[in-house]
Amino acid sequence: MGPRPAPARAGAGLRAALRAEWAKQRTSPGTAWLLLAVVATTVAVSAAAAASARCPAAGCGQDPGKISLTGVDLGQAVVAMVAVLAVSTEYSTGMIRTTLAAMPGRVSVLAAKAAVVTALTLAAGAVGVTGGLLTGSLILPGHGFTRAHGFAPLTLADGPVLRAATGSVLYLALIALLSLGAAAAVREGAVAIGLVLGLLYLLPIVAAVVHNATVQRHLLQAAPMTAGLNIQATTGLRALPLTPWQGLAVLAAWAAGALLAGGLLLRFRDA
């Protein structure tokens, strides 16, 4: 029987695509600044939320872990920009033709972009989330979030806090994949960012104005942001529309659908 070179070529093609994508992101000053913005925005907004929170007595009904991770709500918008630009910049400059001529395996190109953007988002997200929790642990005790009011110190040694922190980093990575898939599908950067941000921020607003409790609950279960951010809850889990990991799974399904649509359109559509 003859040799089977196809798998080797496929593996080599993916490795080449990964190297090329890493070189693009590493040499792009815009990517570095946006990643710094992810960290700064996440920490700054979390610190502001912690500074404005108050718990004057026991049973105040607030979640110190979620308060300390509030910055993720805004940091995700910057993550979406990082991921969208990884695709749309090549289309706007015409470089996508060069990329696909050098690496004809279009699925490998998208997979490489996904891997590199995910790795960068995980790194920036980990720093931002850790910074948010650190600021919360320093600020919140002075605002009544103390053992006397029923709150243990915020620490990653606490299981629910560790799950909220780890889940928040994964949440940002899934937002990046959702945005990457959307950008591959629509090509235009402004349209892709608008589509993603609308999906994230408008669905919760729609749910808020719905008066039917059953419909509202289903909307909150299906909306990628509200479902995904359930992962941040450290108290009151029974009141959530979905469990924390179920909520993150909903966001993962949105991301997978976006990548599937983007991958199919990239493969079968002219560059």
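By accessible area of protein heavy atoms, probe 1.4 Å, what ranking do Cys55, Cys60 get, highest first?
Sorted by accessible area, descending: Cys60, Cys55.
For the stretch 121-135, what does the Karplus curve 6.51 cos²θ - 1.76 cosθ + 1.60, with θ = phi - 60°, yield as ³J(HN,Hα) per residue in whole Hz, taken in order and with x for Gly and Pro?
Couplings: 5, 4, 5, 5, x, 4, 5, x, 5, 4, x, x, 5, 5, 5 Hz.
Can you tell me the dipole magnitude for the chain around its Cα centre, using point charges on the Cβ only (Lys, Arg +1; Asp, Glu -1), in Debye to the nearest 20?
With Lys and Arg at +1 and Asp and Glu at -1, about 660 debye.
Enumerate the calculated ³J(HN,Hα) couplings along the stretch 35-49 in order (Karplus 6.51 cos²θ - 1.76 cosθ + 1.60, θ = phi - 60°), each rounded to whole Hz, writing x wherever the residue is Gly or Pro.
5, 5, 5, 4, 5, 5, 5, 4, 5, 5, 5, 5, 5, 5, 5
Of (1) 1.04; (2) 0.97; (3) 0.93, which one was derived for Rg/Rh (Cα atoms, Kirkwood Rh) from the structure shown?
From the options (1) 1.04; (2) 0.97; (3) 0.93, the structure gives (1).
Only Cα pairs under 8 Å and at least 6 apart count here; give the relative contact order of the stretch 144-271 as a rounded whole percent.
32 percent
If contacts are Cα pairs under 8 angstrom and at least 6 residues apart, what is the relative contact order of the chain in percent?
This gives 23 percent for the chain.
Enter the Cα centre distance for the pair the stretch 54-111 and the stretch 163-200, rounded to the nearest angstrom.
Cα centres, the stretch 54-111 to the stretch 163-200: 5 Å.
How much accessible surface area, in Å² rounded to 10, belongs to the heavy atoms of His143 with a 1.4 Å probe?
Surface open to solvent at His143 totals about 50 Å².
Karplus couplings for the stretch 175-189 from phi (6.51 cos²θ - 1.76 cosθ + 1.60, θ = phi - 60°), rounded to Hz, Gly and Pro as x?
Karplus-based 3J(HN,Hα) across the stretch 175-189 equals 4, 4, 5, 4, 5, 4, x, 4, 5, 5, 6, 9, 6, 6, x Hz.
If ligands, DNA and RNA are left out, what is the accessible area of Asp270 with a 1.4 Å probe, given in Å² to the nearest 10?
130 Å²
The values are calculated or read from the model by the stated rules, or taken from the named source; none is laboratory data. Note that the structure is predicted; figures quoted are calculated from it, not measured. Cβ coordinates were reconstructed from backbone atoms using ideal geometry, including for glycine residues, and neighbour counts include every protein chain displayed. The protein model used for the area step is the full one, side chains on, heavy atoms only, and it has no ligands, DNA or RNA in it. Shrake-Rupley method; radii C 1.70, N 1.55, O 1.52, S 1.80 Å.
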